[in-house]
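Taking it in order: structure first as structure tokens, then the write-up.
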Amino acid sequence: MALRRSTCKLANSLKFLLPRRASYLHSHATSFGFKEVREEEKSKLVGNVFSSVASNYDLMNDLMSIGLHRLWKDRLVTKLCPFPGMKHLDVAGGTGDIAFRVLESIRSVSHRAMQDGLAETEEQTQIYICDINPNMLNIGKKRAIERGFAEDRYLHWVEGDAEALGFEDESMDGYTIGFGIRNVTHIEKALAEAYRVLKRGGRFLCLELSHVEFPVFKQLYDYYSFSVIPAVGELVAGDRESYEYLVESIRRFPNQDAFGRMIVEAGFQKVEYENLVGGVVAIHSGLKL
């Protein structure tokens, strides 16, 4: 699955370099791919992109990653260590891909617990799928029906903004965000919200397309990203521009170490990341202690 898989722990010494709750200074412009746009415009532009790609989102993920995104999400959920009775929040998770895996993992743990004669706590499990885009949520709800989760009382679909979550402080045991944080206007606000809603001991996990490590591989990856992916998007989804934005947004996203420092700055401890496929994808994690 991976050309190289590495885990890099970010030393606690970073914390004396960065104040725990520093205030970030923003101009009135932000990036939308390689373009500079006003902050108030970005969320609308990103919303238009995902409204456009929603119906083909899962198919394009399969094509763009050659199906590897499934393994990456499996790895994310393995690192989460779901448990029966947990309250979990999956942000930017409209299609349900990660939430379904979390629920299936919990049910697997519950089944083993029942076999061992342990107390059953699955009934308390609550999984919230939060996405700012209603079209993505609708795709997820349809997929839930197809997978037999339509009447599942553990799944809750919520339209909401990663930068202003409608959940109480310290209400979640786990927080995941997959391929979504690079699309928010203010990454640090999304991280602050993740920290706010997690309970003490709660785990933050982010799966995101990132920056490759090897020069030769980077050249091949750049060619594939800028030439092949937009062409496939045009052929399959009839939308080249949206996939050009998605590729550009990856290049504008902070590299693994820089993003790790942002997670530390948000207050998380034991921050680390794992590279998959030479850094094409990275999984960052942190704990609220």
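The values are calculated or read from the model by the stated rules, or taken from the named source; none is laboratory data. The structure displayed is predicted, hence computed values, not measured ones. Please note: Cβ atoms are built from the backbone with ideal geometry, for glycine as well, and neighbour counts cover all protein chains shown.
Quick notes on this one:
- From the list ILE127, ILE132, ILE145, the lone residue that is over 16 Å from HIS88 (Cα atoms) and either buried (at least 17 other Cβ atoms within 10 Å of the Cβ) or at pLDDT 95 or above (or both) is ILE132.
- Sole residue being of a type outside the set (A, V, I, L, M, F, W, C), in a strand (DSSP E or B) and surrounded by fewer than 21 Cβ atoms within 10 Å (Cβ to Cβ), chosen from GLU234, GLU274: GLU274
- Listing of helices (runs of 4 or more DSSP H) fully contained in the range 1-113 that carry 3 or more residues being at pLDDT below 80: 39-53
- Long-range neighbours under 7 Å by Cβ, at least six apart or interchain, first residue under 13 Å from THR176 (Cβ atoms) and small (Gly, Ala, Ser) within the range 97-120, second at pLDDT 90 or above and not in a helix (DSSP H, G or I): ALA99/ASP90; ALA99/GLY93; ALA99/ILE127; ALA99/ILE129; ALA99/LEU155; SER105/PRO82
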